[in-house]
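These notes concern the structure reproduced below.
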């Protein structure tokens, strides 16, 4: 009010009331109702990390490049060491997948990981072969995306969520005999 | 079957109607405030307690939680006032709505005292600030002290302009009787008779019930809900989370009668004969009250918070000027109409 023209102040008050009325009557709500709707990342998201032990050469580059020291090399019965990921530490940066020379680690787009206990977060190599089963919390889960249409950002439903599938394996490389 | 006469008493019906409808309006208005703020902020607001009703039962859940919570009385507080003032706050906030008629024949007061209904209601409502200052003193922490001091300063900002707005309307209508006031608004409502007084009324009520942009005494960002900062459970429901809205309801009821024409287009007959007409008139008053309250809670979603000194200077420089101008307009209408 101080140092402001009276007309400007009145117009500002009327403007903001009009803006509020506009949003009250025609809201632009982007909220995703999580258990019922999940955002569709179209595969472009870094998620849970899997491992094919038959390709692993036990070079430990993944464990060394991990920025959070989440990867520990577990000794297996055949005398070799394979990586296991602590998801309490993992930040899903996928450096280990980028660094793996034999494509033994593979990416997925599973982000909805939740654990009851801290010990459940410690994945050992044998647990990393298959992606974990994520139970559906509600019977029908719908995929949604945010799209820009008509000057507004709107939420578009893309249909029901299917099962999580791991990405197809990378180009084949010689499998290391274990 | 003959209906006993006490069952058709207008006082009983006024009491029941006012009590029940004010409770419903209170629940709806708190829900509406949250939903409107959520819409403006691109959120959803309360939803999951009752998805089909848009989360309306969230308020019931909140009320149950408030009632079931442990009552905590802090060690440093003055226990007597700490316990006594929240119910007194609600009583004083709700009492004015019983002092005004809801239709020509539906009123708790009878004729000689009903004549002064609006004056008495205003007098009671202006006592609320003493309760708030007393709560700030009884709660006895620094935020409560600051909030109480702010409340004591804010009353100087809104009391004179608000009284002046109502006095202007009394001058326009040449009466203080609520029923005659409504009778004079049959074709033109008071807000069109004197728009300046209506603007002063809007600003004054926003200050009196600490609506945005004048939520200064109990603004969470500054003083941690101020005088109510140590209240929990039922005390919080009686003051900050509920009582203020009841005060807003009383102010809005007065505004609906004086500025929005009350039950104006509806002209019901005498009470027991035209029962439904009287109830329709009362419902029409309540709808107008609800719309006014909706506007006041809508302000929360769009307004910033003004500083205390800005508010005081704004009030004494502009609102008081507008109020004096409104009185001039009313004086002109008094002599011309």
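Among (1) more than 14 Å from chain A (Cβ to nearest Cβ); (2) on the phi > 0 side of the Ramachandran plot, which single condition is residue B:42 missing? Of everything listed in (1) more than 14 Å from chain A (Cβ to nearest Cβ); (2) on the phi > 0 side of the Ramachandran plot, residue B:42 misses just condition (1). Of the strands (runs of 3 or more DSSP E) that lie entirely inside the stretch A:7-96, those containing 1 or more residues that are surrounded by fewer than 16 Cβ atoms within 10 Å (Cβ to Cβ) and free of Cβ contacts under 8 Å to residues at least 24 places away in the same chain span A:71-75.
Listed here are the residues, each with its yes/no results for (1) within 14 Å of chain A (Cβ to nearest Cβ); (2) out of contact with any helix residue (DSSP H, G or I) (no Cβ under 6 Å at 6 or more places or on another chain); (3) on the phi < 0 side of the Ramachandran plot.
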position: B:250; (1), (2), (3): no, no, yes
position: B:262; (1), (2), (3): no, no, no
position: B:303; (1), (2), (3): yes, yes, yes
position: B:319; (1), (2), (3): yes, no, yes
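Based on this model, can you work out whether residue B:276 counts as over 16 Å from residue B:191 (Cα atoms) and loosely packed, with under 14 Cβ neighbours inside 10 Å? Taking the combined requirement at face value, the residue satisfies it.
Would you check if residue B:293 is within 16 Å of residue B:209 (Cβ to Cβ), within 14 Å of another protein chain (Cβ to nearest Cβ) and either under 21 Å from the mean Cα position of the chain (by Cα) or surrounded by fewer than 18 Cβ atoms within 10 Å (Cβ to Cβ) (or both)? So residue B:293 fails the test. Listed by position, the helices (runs of 4 or more DSSP H) contained in the stretch B:117-231 that have at least 3 residues being closer than 30 Å to residue B:337 by Cα are B:117-126, B:142-173, B:178-183, B:190-193, B:195-208. One residue stands out among those in the stretch B:1-36 that are in contact (Cβ under 8 Å) with a residue 60 or more places away in the chain and within 14 Å of chain A (Cβ to nearest Cβ): the one that is surrounded by the most Cβ atoms within 10 Å (Cβ to Cβ), which is B:36. In this structure, does residue B:235 turn out to be more than 17 Å from residue B:214 (Cα to Cα), at pLDDT 85 or above and assigned to a helix (DSSP H, G or I)? Spelling it out, residue B:235 is indeed more than 17 Å from residue B:214 (Cα to Cα), at pLDDT 85 or above and assigned to a helix (DSSP H, G or I). Of all residues in the stretch A:119-168, those being in contact with a strand residue (DSSP E or B) (Cβ under 7 Å, 6 or more places away or on another chain), exposed (fewer than 11 other Cβ atoms within 10 Å of the Cβ) and modelled with pLDDT under 80 number 2.
Can you find a residue in the stretch B:275-286 that is over 18 Å from residue B:179 (Cα atoms) and either in contact with a strand residue (DSSP E or B) (Cβ under 7 Å, 6 or more places away or on another chain) or not in a loop (DSSP other than H, G, I, E, B) (or both)? For the stretch B:275-286, residues over 18 Å from residue B:179 (Cα atoms) and either in contact with a strand residue (DSSP E or B) (Cβ under 7 Å, 6 or more places away or on another chain) or not in a loop (DSSP other than H, G, I, E, B) (or both): present. Within the stretch B:37-51, does at least one residue satisfy the condition of being exposed (fewer than 14 other Cβ atoms within 10 Å of the Cβ) and in contact (Cβ under 8 Å) with a residue 60 or more places away in the chain? The answer is yes, given that some residue of the stretch B:37-51 is exposed (fewer than 14 other Cβ atoms within 10 Å of the Cβ) and in contact (Cβ under 8 Å) with a residue 60 or more places away in the chain. Give the stretch B:47-66 a look and list any residue that's closer than 19 Å to residue A:27 by Cα and within 24 Å of the chain's Cα centre (by Cα), or say none. Within the stretch B:47-66, B:56 is the sole residue that qualifies.
The values are calculated or read from the model by the stated rules, or taken from the named source; none is laboratory data. The shown structure was predicted, so the numbers you read here are calculated from the model rather than taken from an experiment. Here Cβ is always computed from backbone atoms with ideal geometry, including for glycine, and neighbour counts include all displayed protein chains.
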